[in-house]
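Asks: Once you've had a glance at the structure underneath, I'll fire off some questions.
Where a number appears in this text, it was derived from the coordinates with a stated rule and is not lab data. Just so you know, these numbers come straight off a predicted model, no measurement behind them. Don't worry about glycine lacking a Cβ; one is built from the backbone with ideal geometry, like all the others, and counts go over all protein chains shown.
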Amino acid sequence: MAGTTFRGGLSQVVPILGLATYAAGTAYHVEDLFGVSLNDKVTGQMCNFETAGIHYLPATTAEDWLAGAKLYWHTVNGKLTDIATGAVFCGYAVDAKVATTQTSSLLLIAQSPV
């Protein structure tokens with residue numbers, strides 16, 4: 001489960017109709033939207049997604065990165081990565097991460113669908 005910290009009013013909540021079952025504090029990529037679910041919901045219920053703010057999410061352990069690095073969400077393994085191939089841009093690293101660390105801080109940037 002992802003822990004979430006809000007700093008400086010970065011929070012932005014978007015309600016979506018649940019296309020699946022969502023667990024609070026977990027990151028999801030739904031169509032063109034990436035966010036962290038704020039509540040537990042089942043398919044067909046409205047769910048609030050946090051699409052901006054600072055979040056602590058699962059990260060690929062084989063990689064390290066510096067603060068400020070572009071981070072992507074690997075849609076297959078459900079983890080942050082600094083490799084864009086097969087992944088969706090979601091924000092920037094708040095802190096540096098070493099390869100053995102299983103989570104990373106992310107400055108989630110609200111995306112506008114193109």
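Asks: Counting alpha carbon pairs within less than 8 Å and at least 6 residues apart, what relative contact order, in whole percent, applies to the range 3-108?
Replies: 25
Asks: Work through the residues other than residue 105 whose Cβ is under 9 Å from its Cβ and net out their charges, Lys, Arg +1 and Asp, Glu -1.
Replies: The answer is 0.
Asks: Using the alpha carbons of the range 42-81, what is the convex hull volume per residue in cubic angstrom, as a whole number?
Replies: Expressed per residue, the convex hull around the Cα atoms of the range 42-81 is 106 Å³.
Asks: Using just the C-alpha positions of the chain as equal point scatterers, what log10 of I(q)/I(0) does the Debye formula give at each q in 0.14 1/Å?
Replies: -0.51
Asks: So, one more: Can you sort 79, 97 by how many other beta carbons sit within 10 Å, fewest first?
Replies: 79, 97
Asks: Using the Karplus curve 6.51 cos²θ - 1.76 cosθ + 1.60 with θ = phi - 60°, what ³J(HN,Hα) values do you get for each residue of the range 67-76, in whole Hz, with x for Gly and Pro?
Replies: Calculated HN-Hα couplings, in order: 4, x, 5, 5, 10, 10, 9, 7, 5, 7 Hz.
Asks: Taking the alpha-carbon distance from residue 70 and a cut-off under 23 Å, which lysines remain once sequence neighbours fewer than 8 residues away in the same chain are dropped?
Replies: 79, 97
Asks: Considering amide H positions built from the backbone, and no H for Pro or chain starts, which residues 5 or more places from residue 89, or on another chain, come under 5 Å of its amide H?
Replies: Residues meeting the amide H criterion: 73.
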